[in-house]
Structure formats: structure tokens, C-alpha cells
Ligand SMILES: Nc1ncnc2c1ncn2[C@@H]1O[C@H](COP(=O)(O)OP(=O)(O)OP(=O)(O)O)[C@@H](O)[C@H]1O
């Protein structure tokens, strides 16, 4: 049997004396689309950063596949809330730059061809020669996703990747990332504080409490796409998550977008 994509045992993270995560466990199987859902400050991004070895941890064991995180950087790609493109480079060269920084093999022409394919995967091959700074927010985020895909990761780490986009683009990209996941079989770990976004994109939702953080729920989602938020199945999952917070006002933050 193959190793889990990610295995986190008894994780502890603290910043100075502030303990952010303690005794946290999480196993993510290969090919899952896992949403880490919770209110602001509960440590969702921290957990993603730990998996990506961008933040140090102070206790516990974190493995990516069979390796410790510091030996697994080549299995991962990150997509942040901001696309972080080089503004004067065109879309294609931004993707190529990501491949070069990762040390992908191949000459410039080969890398450009692979980058072009990655742009095609997110439907923006026609924007390949356009400078990043003239692209719309949604187009820039597609380039960032293409840059992530071009390094051929096994796991895509996404930290609120659509939260800065306009409503329509956000809806579109949510459905597209699900289609991409279905096509590629990638493992995706996706941080969000929006309960509806989690239900729409994830096939598993791990719900975190406000600090001190515990896992409130770990839910399998198997809804058809495009997802119908008015369906009874959708509402059952949503109500189940909301109920986990009881009277805690933190839930307002998870539901305030209300399908926007
Ligand atoms: N580099 C750092 N130094 C000090 N404290 C930090 C650092 N990074 C995160 N924190 C703190 O750790 C806690 C968890 O932060 P984190 O960004 O993981 O939360 P989050 O759940 O992703 O929140 P949000 O949804 O607001 O992004 C917060 O209280 C935050 O202020």
C-alpha cells in the first residue's frame, strides 16, 4: 500500500510563547482534495506552511509521502492568495521562471513548451505573451496555478487562492480547480475560511475550531459538480459544519460570504 500523501502526528507549532497548534494529527491520502476550514487565526495557513516546510515546527512528525518535509520540496507546489508574478514578464515566462527556480530539466525551448501546456491546462494559452501586469486578477491567478502545475507536483498547496478575486471569477475558478483535480488525480490541500467554498471544491473538509485549535470535524463530501447549493445534500453538510461551532460567534466568519 502506498504511503499517505501527508502524515502529521502530534504537531506542535508556536511563535514565541504563543502556541498556535498543539497535538494536531492529520493524514491525507493521495488524490484527496482536502479543505482546511476554520476561522481566522486558527492555524490553517500555518499547517499548510508546515507541510511545505516554509515554517518550522516545534514538536511532532510531518511526512510528505515517505519523506520528511525537508526532503519533499520537489513534490509540492504552492498557490498563494496573491499570484506573486513578475509583473514585467509575460505569462509564459513567469511559468518558465518557476520551472527554472525548481531546477526542472530541459533547455529553454523544452521548458517553454511545457509552460505552454500548463497555461493550456488553465485555458489561458492565448495569453502566453501578455505581460503579467496587464492581466486581470483571475488571469494572474490562472498563471500562478499554471506555474504550480508546470513543476509537476504530486501535491498542490493552495492558501485562499480565490479570496481576492471578484465573485464571478471566484465561482468559475472553483469549478475549474475541481475539474482539474478530477482530470489529474493531484492531491490538493486548500485553505479557506468560507464554508461554501469548502463544500464546493473539497472531497474532504477538515474543520478547525478557533484557538486553542482542535479538529471539530472531518467530513467526506461527494457531491456532483457543478455543485447545487440548494440541494438537500449540500445543506446537510453545511448545517453539520455550522452546528459544530455551537454558539461560538467564530462561525459568522465562515458563513458571512454566503455563496458570494
Ligand atoms: N510568523 C509569525 N509570527 C508570529 N505569529 C504568527 C506568525 N505566523 C502566524 N502567526 C500567528 O499564528 C496564528 C495562526 O496564524 P495562521 O495564519 O496560520 O491562521 P489562519 O487560520 O490561516 O488565519 P487566516 O484565515 O486569518 O489567514 C495567528 O494567531 C497568527 O497571528
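Readers should treat all values here as calculations from the given coordinates under stated rules, not as data from a laboratory. Given the structure is predicted, the values throughout are model-derived calculations rather than measurements. Heads up, the Cβs are rebuilt from the backbone with ideal geometry, glycines too, and the neighbour counts pull from every protein chain shown.
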Mean residue ellipticity (222 nm) of the chain, computed from DSSP H runs ≥ 4 via -39,500 (n - 2.57), nearest 500: -10500 deg cm²/dmol
Please state the shape class of the range 42-135: rounded when a/c is under 1.5, otherwise prolate if a/b exceeds b/c and oblate if not, all from the C-alpha gyration tensor. prolate
Please compute the volume of the convex hull spanned by the alpha-carbon atoms of the chain and report it per residue in Å³. 133
Restricting the count to DSSP beta bridges whose residues both fall in the range 6-255, what percent are antiparallel, rounded to a multiple of 5? 55
Give the distance, in whole Å, between the Cα centre of the range 25-101 and the Cα centre of the range 179-249. 19
Checking rank on 185-195, 218-228, 140-150, with mean other Cβ inside 10 Å and highest first, the result is 140-150, 185-195, 218-228
Starting with the highest mean, order 236-246, 56-66, 70-80 by the number of other Cβ atoms within 10 Å, averaged over the residues of each peptide. 70-80, 56-66, 236-246
Packing-wise, with mean Cβ within 10 Å as the measure, how do 126-132, 33-39 rank, highest first? 33-39, 126-132
